[in-house]
1. Inside 10 Å of the C-beta atoms of A:10-16, what's the mean count of C-beta atoms belonging to other chains?
2. Go through A:153-164, A:33-44, B:59-70 and give me the packing order, highest mean Cβ count within 10 Å leading.
3. Positive end of the dipole of the protein assembly as shown, charges at C-beta (+1 Lys, Arg; -1 Asp, Glu), about the Cα centre: which of B:Tyr84, A:Ser186, B:His64 has its Cα farthest in that direction?
4. Grab the alpha carbons of the range A:59-164, take their convex hull, and tell me the volume per residue in Å³.
5. Taking each residue of A:159-166 in turn, how many C-beta atoms of other protein chains fall within 10 Å of its C-beta, and what is the average?
6. What helices in chain A pass both tests, a Cα length along the helix axis of 24 Å or more and a mean Kyte hydropathy of 0.0 or higher, using whole DSSP H runs?
7. So what is log10(I(q)/I(0)) for chain A at q = 0.11, 0.13, 0.14 1/Å, when the Debye sum runs over its Cα atoms only?
8. Work out the length of the dipole vector of the range A:41-190 about its Cα centre, built from +1 on the beta-carbon of each Lys and Arg and -1 on the beta-carbon of each Asp and Glu, and round it to the nearest 20 debye.
Amino acid sequence: MWIYEKKLEYPVRVYSRDLRMAKFLTAQYGGPDSELSASIRYLNQRYTMPTPRTKGLLTDIGTEEMAHWEIVGTMIYRLIQGATPDELERAGLGSHYALHDKALFPADANGVPWTAAYIQAHADPVADLHEDLAAEQKARATYEHLICLTDDPGIKDTLRWLREREVIHFQRFGEALDHVQGYLSSKKVF
Amino acid sequence: MDEKYELLKRIQAVEFAAIELTLFLDTHPDDQAALRDYNRVAQELMELKKEYAAKYGPLMAYGHDSSEDYWKWVEEPWPWEIKYERGQV
């Protein structure tokens with residue numbers, strides 16, 4: 001099971017409204033390489049991992065990704081707080097307002113809703129871990145794009161921290177892949 | 001309010017170390033130095049969380065923290081509602 005902790009993993013500092021940036025940040029809330037995709041991908045793949053440490057790693061990184069999803073959601077929520085329909089429309093969020101008002105919704109920055117088609121699972125740990133390694137790099141690249149799209153020091157700081165987490169997860173998945181390949185080559189009898 | 005958010009920030013920092021060590025130990029379960037660090041950080045985190053829950057209400061429900069006098073769990077702000085002042089954290 002999971003237990004909710006009433007805190008963010010890392011502080012979010014939003015001092016002023018920025019609808020333009022809120023729209024861009026949805027890339028990491030409901031886009032293909034979003035924190036949502038990451039969490040569901042890892043927590044779903046863990047059942048068929050072959051070794052204790054890969055089961056543990058996918059459970060723990062999948063759980064941390066949920067905390068990152070909450071951080072991204074918090075940034076978006078705070079950046080659009082108090083906006084009028086007219087302001088939302090001028091920021092390109094008129095269609096979002098029509099569909100969702102100021103509710104958050106797992107869709108990408110173009111409004112395309114999140115889909116499980118963004119993730120895969122093969123019960124093949126080499127294939128699955130390669131997907132996970134690629135996912136971390138794509139998420140890192142997305143954070144770099146987002147960092148380039150804002151001058152706000154508070155938002156930049158949280159995005160830099162999230163970017164660093166992708167780098168660490170990539171490192172750990174690489175170690176897990178080495179471990180799994182060693183395990184598979186020791187056990188295979190042709 | 002500042003004291004509460006200072007303690008929360010301290011918990012976030014110590015828990016971050018615990019998260020990092022957890023992921024590291026998942027792929028290096030035989031690393032004795034990392035294990036020692038993990039156990040030290042886990043102890044510190046437990047004490048900080050206990051202090052926070054006693055002063056400001058549960059960080060976790062489902063029986064992990066108790067709530068003195070009344071049900072403080074549902075009190076605002078929720079994590080997404082915290083408004084820091086510039087330079088506060």
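Since every read-out is calculated from the coordinates, none of them should be taken as a lab result. Bear in mind that the values here come from a model prediction, so they are computed numbers and not experimental data. Using ideal geometry, Cβ is built from the backbone for each residue, glycine included, and neighbour counts are taken over all protein chains shown.
1. The per-residue average across the peptide is 5.
2. Most protected by this proxy first, the peptides run A:33-44, A:153-164, B:59-70.
3. The residue sitting most towards the positive pole is A:Ser186.
4. With only Cα atoms used, the range A:59-164 gives 119 Å³ per residue.
5. Per residue, the number of nearby Cβ atoms from other chains is 1 on average.
6. Qualifying helices: A:52-80.
7. -0.52, -0.69, -0.78
8. Around 520 debye, computed over the range A:41-190.
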